[in-house]
Amino acid sequence: SSDDEGGEEYLFKVVIIGDSAVGKSNLLSRYARNEFNPHSKATIGVEFQTQSMEIDGKEVKAQIWDTAGQERFRAVTSAYYRGAVGALIVYDITRRTTFDNVGRWLDELKTHSDTTVARMLVGNKCDLESIRDVSTEEGKSLAETEELFFMETSALDSTNVKKAFEIVIREIYNNVS
Ligand code: GDP
Ligand code: MG
């Protein structure tokens with residue numbers, strides 16, 4: 001505790017979910033380390049990165065979890081979701097199947113959470129406009145129906161990456177304070 005400094009501490013768990021190869025790991029590495037890897041491979045073991053931001057003069061930390069590739073086998077475990085108060089549900093705007101599967105990811109998230117979860121629908125790879133397969137309107141519309149925040153991002157050129165994470169973290173903060 002940091003009572004002696006007159007402040008409170010905030011640490012929130014955020015999970016990133018969505019089909020394989022939509023760019024989950026690169027969104028996290030872009031946000032946490034400003035890095036992009038064009039040849040990223042699935043890592044072994046569950047990984048998270050901790051990132052801080054300031055809200056109302058308070059330090060708010062987010063522990064952001066990335067899957068280790070188990071989503072390929074639809075085998076993301078309950079341990080992954082446990083305690084999550086925020087989620088980014090990611091699809092690839094160039095692959096419609098990844099958008100069609102968003103509903104399944106939302107169901108899985110709901111099954112595993114027992115609290116309010118701040119949720120952001122993320123259409124990633126918006127730098128690939130020429131081979132877009134899911135329109136911005138479709139993304140917006142799904143987000144409205146499911147009551148999610150919505151943003152199109154590019155982990156490659158950094159568009160909206162910081163914004164997407166920070167909106168979720170801010171919403172969590174609003175939910176708990
Ligand atoms: P994950 O399986 O969801 O974690 O996806 P990765 O982060 O491993 O990315 C899968 C592939 O998509 C890799 O080849 C990345 O370089 C590429 N990728 C990820 N994000 C973007 C993006 O915003 N734009 C483009 N053009 N490629 C991306
Ligand atoms: Mg990954």
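A few remarks follow.
- Of residues in the stretch 57-75 being within 13 Å of ligand 1 (Cβ to nearest atom), within 22 Å of ALA32 (Cα to Cα) and of a type outside the set (Gly, Ala, Ser), the one farthest from the chain's Cα centre (by Cα): GLN70
- Residue check for ALA62: in contact with a strand residue (DSSP E or B) (Cβ under 8 Å, 6 or more places away or on another chain), small (Gly, Ala, Ser) and buried (at least 18 other Cβ atoms within 10 Å of the Cβ): yes
- Exactly one residue among VAL85, VAL46 is among the aliphatic types (A, V, I, L, M) and at pLDDT below 95, and that residue is VAL46.
- Scanning the stretch 66-75 for residues that are surrounded by 21 or more Cβ atoms within 10 Å (Cβ to Cβ) and either assigned to a strand (DSSP E or B) or more than 14 Å from ligand 2 (Cβ to nearest atom) (or both) yields one hit, ASP66.
- Residue among SER20, SER78, SER25 that alone is crowded, with 17+ Cβ neighbours inside 10 Å, in contact (Cβ under 8 Å) with a residue 12 or more places away in the chain and polar (S, T, N, Q): SER25
- So PHE165, is it surrounded by 15 or more Cβ atoms within 10 Å (Cβ to Cβ), among the aromatic types (Phe, Trp, Tyr), within 20 Å of SER20 (Cα to Cα) and under 16 Å from the mean Cα position of the chain (by Cα): yes
The values are calculated or read from the model by the stated rules, or taken from the named source; none is laboratory data. Every value quoted in this text rests on a predicted model; they were computed, and no experiment measured them. Methodologically, a virtual Cβ is constructed for each residue, glycine included, from the backbone with ideal geometry; neighbour enumeration extends over all protein chains shown.
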